[in-house]
Amino acid sequence: RIYLDHNATTPLRPAARDAMVVALGGPANASSVHGEGRAARGLVESARRSLAAATGAKVKNIVFTSGATEANVTVLTPNISVSGQLRPATRLFVGATEHASVLSAGRFDPRRVTILPVTGDGVIDKSQAERLVRGEAEAGGVPLVSVMAANNETGVVQPLAGISRIVRDAGGYLHVDAVQALGRIPVSIGAWDCDIMSVSSHKIGGPQGVGAIVYGRDDLRAAPLITGGGQEGRHRAGTENVAAIAGFGAALEELAVAEEAARITALRDWLEAELRHIYGDTVVFGRDVPRLPNTISFAVAGMVAETALIACDLAGAAVSSGSACSSGKVSSSHVLEAMGVPVDLARGALRLSLGWTSTREDVERFAEIWRGLVNRMKPAKAGKAA
Ligand code: PLP
């Protein structure tokens, strides 16, 4: 099998599996004061240190959650406090191409949500963002802006420095969904100058069902979504999922962002050139703007993505169409729609996403599968690029 769907989820890294097996070996409530509890606490705190190192955050500013969906929904709340004093966000601004867990706007009244448009390349339209966000500040409000570091469908990377400047000028808060960026491009909460970040373990070779809220400031916190016990510094109640957190920590320790990016970029660029060689009119989305090294979002006009996806699957390759984070969804992509991609082209959009298991053999075999498929589906037009 050829697995080219790392943006949906990544195969578990052996080091993560090993760490989980160790953690599962004993009774492990990280809040217990006995030796077993202290051992569990050690695993959780070690993972917290690894995540702090990977994001440039302070250890005390990390809150483990059940994943990035929970992290996003928790922090997208009007109920934000600074130095213990409530300083509520009055309006939420979200990018048009955000993940569904951000577009759902957390605990905001839908009437207090504004969508920030993107350009045809999928990049936030900065002048529009500036006008809208500044408007809220001028009306006496406090904007909360949520923009992803990199898009899960197209890999398009957002210009966070510029967005952060807009938010700072408006006296607002900035949240960054860094799920697809972590492990693939440098992630730094300080360099991005953002207040809050969300990350997920299963996009970096860790287990599913664990992620984190990462705060860029000591003094700022969102009201907890899950209340009860005092775990995670009273910011997320519930017994910590020690094995999953330990697996996340081990996956973080395996990251070698620069080396992996260079290796994956070479594979991706080779495959992308091959796709365009196989069928000259292949459209690659976001090709002219900064993108993740691992993602190809592309379409062939007249092709139906689901048909192509099933054909790839039968031939031994796992790829995805549209957003496909929640499987079984056969709807057109809101990301491509926001970019103004014509519906009939968007219907043929496939996503290939590489990762730590990807090899030269994988991409070569996929190119062969694709060549055969295009020859069958588009026999008249298949051929070399013009
Ligand atoms: N944000 C982005 C950009 C994603 O790609 C995903 C993937 O599913 C999520 C959030 C949700 O993460 P999780 O699966 O950990 O809830």
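The values are calculated or read from the model by the stated rules, or taken from the named source; none is laboratory data. Because the structure is predicted, anything quoted here is derived from the model rather than measured. Here the Cβ is made from the backbone with ideal geometry for all residues, glycine too, and neighbour counts use every protein chain on show.
Quick notes
- Filtered by the rule that a residue be at pLDDT 95 or above and away from the ligand (no atom under 16 Å from the Cβ), region 14-28 gives PRO14, ALA15, ARG17, ASP18, ALA19, MET20, VAL21, VAL22, ALA23, LEU24.
- Among the residues of region 272-327, those that are more than 16 Å from the ligand (Cβ to nearest atom), without any contact (Cβ under 8 Å) to a residue 40 or more places away in the chain and within 22 Å of the chain's Cα centre (by Cα) comprise GLU272, VAL284, ARG287.
- Condition met for ARG276 (basic (Lys, Arg), assigned to a loop (DSSP other than H, G, I, E, B) and either surrounded by 23 or more Cβ atoms within 10 Å (Cβ to Cβ) or modelled with pLDDT of 95 or more (or both)): no
- Residue count, region 138-169 (criterion: surrounded by fewer than 18 Cβ atoms within 10 Å (Cβ to Cβ) and not in a loop (DSSP other than H, G, I, E, B)): 6
- Scanning region 43-90 for residues that are among the acidic types (Asp, Glu) and either surrounded by 22 or more Cβ atoms within 10 Å (Cβ to Cβ) or modelled with pLDDT under 95 (or both) gives a single hit, GLU70.
- Considering GLY95, GLY141, the condition of being modelled with pLDDT of 95 or more and within 16 Å of the ligand (Cβ to nearest atom) is satisfied by GLY95 alone.
- If the condition is being modelled with pLDDT of 90 or more and buried (at least 22 other Cβ atoms within 10 Å of the Cβ), then region 322-340 contributes SER333, VAL335, LEU336, MET339.
- Residues satisfying the stated conditions in region 215-236, i.e. over 24 Å from TYR173 (Cα atoms) and either surrounded by 21 or more Cβ atoms within 10 Å (Cβ to Cβ) or small (Gly, Ala, Ser) (or both): GLY228, GLY229, GLY230
- Of the residues screened, ARG217 is one that is of a type in the set (D, E, K, R) and either modelled with pLDDT under 95 or not in a helix (DSSP H, G or I) (or both).
- Members of region 111-125 that are surrounded by 21 or more Cβ atoms within 10 Å (Cβ to Cβ) and part of a loop (DSSP other than H, G, I, E, B): GLY122, VAL123
- Residue check for GLY233: assigned to a helix (DSSP H, G or I) and within 16 Å of the ligand (Cβ to nearest atom): no
- Some residue of region 184-193 being within 16 Å of the ligand (Cβ to nearest atom) and in contact with a Lys or Arg (Cβ under 9 Å, 6 or more places away or on another chain): yes
- Residue pairs meeting the criteria (Cβ under 7 Å; at least 6 apart or on separate chains; first of a type in the set (Ser, Thr, Tyr), in region 250-271; second at pLDDT 95 or above and not in a helix (DSSP H, G or I)): THR265/PRO293
- Residue, nearest to the chain's Cα centre (by Cα), within region 194-211, restricted to residues that are more than 9 Å from the ligand (Cβ to nearest atom) and assigned to a loop (DSSP other than H, G, I, E, B): ILE204
- Answer residue from region 100-110, given it is surrounded by fewer than 24 Cβ atoms within 10 Å (Cβ to Cβ) and within 15 Å of the chain's Cα centre (by Cα) and is farthest from the ligand (Cβ to nearest atom) among those: LEU103
- Out of ALA261, ALA301, one residue alone is in the same structural domain as LEU373 (by TED's automatic domain parsing), more than 30 Å from LEU43 (Cα to Cα) and surrounded by fewer than 23 Cβ atoms within 10 Å (Cβ to Cβ). It is ALA301.
Conditions tested, residue by residue: (1) farther than 22 Å from VAL179 by Cα; (2) not assigned by TED's automatic domain parsing to the domain that holds GLY209.
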| residue | (1), (2) |
| --- | --- |
| GLY229 | yes, no |
| ASN241 | no, no |
| ALA305 | yes, yes |
| ALA308 | yes, yes |
